[in-house]
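Here the structure is laid out as structure tokens; the discussion comes afterwards.
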């Protein structure tokens, strides 16, 4: 199997790019990434409003832009509906990533199907197996990926840059074109460009994830308060965009994966 040499940027170049592009529009950041990395660039999305806006922007630059999403095995039907709608609307082959079946079987055999209810550590273990590991595998095949993260979403995201190095994934480039946008700006863009909307928003959801771990929130409530609401003083992150150190599940991950699987 032929392995392409990765195009990795250094801290100095990325730092200069971050300063240059921070005041620029999201489309400018996307165009830079698409032109620079070609098919080694991909958008990772769960089809929240932010990611949907990015797909629409990127599709206007490159109609063959790569779009990745993760099916954890615990997604609501509405998730599959929005994936199909984007396929029809934009004519793109959305790449759906799945967790390793053996890892999921081992995890649920050891801790139960709904282990995420038992403790914060068990919830993070579930997120790690179902979300983080599929993401890790996918990002070995790209040199740059885009997210819909915004600085106003949560405290852990307050300092993200529009262009940065992703040290959790081999030092590839990670872009967050909407970093300085507000939620209102995202929705204004989607309405103006008639971007498809995830059906769960109409039911009061503000943050979208696995069905048993996400619920609607009251009007005016913080969006991510609907994620893992039964936890107290725990990070509202799954580990995909924010490295979480708990000290509690690393040995379980190793045991589940065994020697035959790559993290």
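Read-outs: derived from the displayed coordinates by stated rules, not from any lab. Here the structure is a predicted model, which means the values were calculated and not measured. We place every Cβ from the backbone using ideal geometry, glycine too, and count neighbours over all the protein chains shown.
Observations
- Region 212-224 residues that are free of Cβ contacts under 8 Å to residues at least 24 places away in the same chain, paired with ones that are surrounded by 16 or more Cβ atoms within 10 Å (Cβ to Cβ) (beta carbon under 6 Å, 6 or more apart): 214/226; 214/227; 215/226; 216/205; 217/206; 217/226
- Whichever residue in region 53-69 is surrounded by fewer than 22 Cβ atoms within 10 Å (Cβ to Cβ) and in contact (Cβ under 8 Å) with a residue 60 or more places away in the chain and, among such residues, is nearest to the chain's Cα centre (by Cα): 68
- Qualifying residues in region 188-207 (those that are touching a helix residue (DSSP H, G or I) at 6+ places or on another chain (Cβ under 6 Å) and part of a loop (DSSP other than H, G, I, E, B)) - the one surrounded by the fewest Cβ atoms within 10 Å (Cβ to Cβ): 193
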